[in-house]
1. Per DSSP H run of at least 4 residues, take -39500 (n - 2.57); add these up for the chain, divide by its residues and hand me the 222 nm value, nearest 500 deg cm²/dmol.
2. Largest first and in whole Å, give the semi-axes of region 70-196's equivalent ellipsoid, each being the square root of 5 times a Cα gyration tensor eigenvalue.
3. Would you mind computing, in nm to one decimal, how far apart the modelled labels at GLU160 and LYS285 are, each placed 7 Å from Cα along Cα→Cβ?
4. Straight-line reach from LYS350: which lysines have a Cα under 22 Å away, not including same-chain ones fewer than 8 places off?
5. What's the exposure ranking of MET238, MET269, going from fewest to most Cβ atoms within 10 Å?
6. Within a 10 angstrom radius of the beta carbon, how do ARG270, ARG320 rank from fewest other beta carbons to most?
7. At most 16 other Cβ atoms within 10 Å and a DSSP loop assignment: could you name the chymotrypsin sites (Phe, Trp or Tyr not before Pro) in region 209-297 that fit?
8. Please order ILE220, ILE239, ILE325 by the number of other Cβ within 10 Å, starting at the fewest.
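Values in this text are rule-based calculations from the coordinates and carry no lab data. Bear in mind that the values here come from a model prediction, so they are computed numbers and not experimental data. Because the Cβ atoms are built from the backbone with ideal geometry, glycine has one as well, and the counts that use them run over all protein chains shown.
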Amino acid sequence: MKTKYTVTDRLITKITSWIAGITVLCLLLWGVYTLWEYYHYEYTNDAQVQEYVNPVISRAGGFIVAVKFEENQIVKKGDTLLLIDNREYVIQQAQTEASIQKETAHLQVLESNVRTLENVAEASKAQIAANKARVWKQELEDERYEKLYKEESATKQQLEAVQASLDVYKNDLLASTNSYEASLDKIEDVKAEKEVVKAEIARLKALLDRHKLDVSYTIITASYNGRMGRRTVEVGQMINAGEVLAFIVDNETDKWVVANYKETQIESMRLGDTVQFVADAYPNKKFKGTIISFSPATGSSFSLLPPDNATGNFVKIVQRVPVRIKVEGTKEELDLLKVGMNVNVYIPRKRG
């Protein structure tokens, strides 16, 4: 029996054949292109855009009184980001300044005491000279009266009176000498006390510098030009020193790509090689870069629990080596790439 095909059947068959042919052709072209890429490039899709993302950390604790930024905002170096209630730190600074003034006044008093004691010592020294003169004169008088007494030209009573006066003058000389030495010792004591006060002033000045730093820490500013990331703080919140308050992306440093290549792919790679990569976010745009470094170890070696194959139960797994690639291009191109974006990296193969 003869099979009859309608016009519709023939049309469907023709369309199906064309579709199948186009599909096979597309797969063939895709396969050829893929093989061509694999032949000319070392390829990996295990790569991400990286940039310095640093936390904004408070160096002082207290209540947040103002937040001067929003998420994703562009900031410049020195811009105020947060304000912390600084009244407690200002009071501590004022107390230390008052203590410095007190110790400075105490030091001035001690310096005045030193001058007074030096004057007293000079007076005692002059008194010593006067008493020495009296003793010398009285000794001559005593010698003279002893001679007169021996010649019976003076009475015993006169000689004893002269000797008594000599003893008084000697005691006066001893007392003035002791007073002079005591004045010198007192001067040294006051000078030693001055050194103690000076050391206390130095300590208080260092403490004042610390309090000034604490006051300055209550104003948190941007350390460099960048873009603000996630914000984790709000007005009225109580924070502690060392707490992460936000994140900032550094615009002053280069962007780079970390591509984790298999260890079997890095044989021909060299520093300075030109790299092409395509971001998943912009599949129709090619970016360029340059290899600037290779990791000193495989990625698994830096993990929390690096693999240990010393037990003998060894399954060989191809390791990946992080390759750092500096992103090159215009500012507009660099702005398109965000930290953490996935990219596909192509590094030209070198044929020996």
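1. -17500 deg cm²/dmol
2. Semi-axes, largest first: 74, 11, 7 Å.
3. Rounded to a tenth, the inter-label distance reads 12.5 nm.
4. Excluding near neighbours in sequence, the set is LYS262, LYS286, LYS288, LYS326.
5. MET238, MET269
6. The fewest-first ordering by Cβ neighbours comes to ARG270, ARG320.
7. TYR224
8. The order, fewest Cβ neighbours first, is ILE239, ILE220, ILE325.
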